1. Using protein chains only and a probe of 1.4 angstrom, how many square angstrom of Asp164 are accessible, to the nearest 10?
2. When ligands, DNA and RNA are left out and all protein chains stay put, how many square angstrom of accessible area per residue does the chain have with a 1.4 Å probe?
3. Explain nothing, just the number: dipole magnitude of the chain about its Cα centre with +1 on each Lys and Arg Cβ and -1 on each Asp and Glu Cβ, in debye rounded to the nearest 20.
4. On C-alpha positions alone, give me the angle between the axis of helix 19-56 and the longest principal axis of the chain, in degrees, nearest 10.
5. Which angle between 0 and 90 degrees, to the nearest 10, do you get for helix 113-146 versus the longest principal axis of the chain when only C-alpha atoms count?
6. Summing +1 for each Lys or Arg and -1 for each Asp or Glu, what net charge is found among the other residues whose Cβ lies under 12 Å from the Cβ of Thr14?
7. Within the chain, what is the number of lysine pairs with alpha carbons under 21 Å apart, leaving out pairs fewer than eight places apart on the same chain?
8. Classify region 109-174 as rounded, prolate or oblate, taking a ≥ b ≥ c as the square roots of the eigenvalues of its Cα gyration tensor: rounded when a/c is under 1.5, otherwise prolate if a/b is larger than b/c and oblate if not.
Amino acid sequence: RSENRTKEIGIRQTLGISKDQLLVQLITENITAGILALVISVLLVETSQPLIVELFNESLELTSNEKIKLWMAIFPGVLLLMILTTIYPARIVAKLSLSTAIKGAVVKLSRGMGLWQSLVAFQIFVTVLLLSFSTLIDRQLLFISAKPKGYQSENLLNIYLLSDEAQKNYERLKTKLL
């Protein structure tokens, strides 16, 4: 695929496309692919939610406002990630010489590979960390829900002390009740 793409870039260069136009095209293509992947993931999440609820016997319902806020927070993050991961490779490909591009040579990125590998390693680290914390939180919530509260909730007395008079007499009320 890389050879075909390099030949395409060579042909575009011979037709007179500038390096800036080529850079914009490559970035636009990758951002479009990222947005398409985001839309597909939203559709998959929404369609698989009833199955997950049934499988785990947990309610995962969000209100429409919560869903909108969630996706509005995720969309800029995906967009920023797509831009950041696209700029460096697109700049390298846009700088290809015409003869190299027409030959369809595979571009070897010797410079910047350490950064790229570091970013991939960081991404894997964050993914493992998030999965670990999710599992830990799930186990903690299961543990907490299985433990007795230490009191009988039906015998709980809740008194609202909203007025200043009630708050002033709180200690006296407390001693009389105990």
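1. The accessible area comes out at roughly 110 Å².
2. Per residue, the chain has 83 Å² of solvent-accessible surface.
3. In debye, rounded to 20, the chain gives about 880.
4. It works out to around 40 degrees.
5. 20
6. +1
7. Eligible lysine pairs with Cα atoms under 21 Å apart amount to 10.
8. Oblate.
The values are calculated or read from the model by the stated rules, or taken from the named source; none is laboratory data. Here the structure is a predicted model, which means the values were calculated and not measured. Ideal geometry is used to build each Cβ from the backbone, glycine not excepted, and the neighbour counts take in all protein chains shown. Heavy atoms of the whole protein, side chains included, go into the accessibility calculation; ligands, DNA and RNA do not. Shrake-Rupley method; radii C 1.70, N 1.55, O 1.52, S 1.80 Å.
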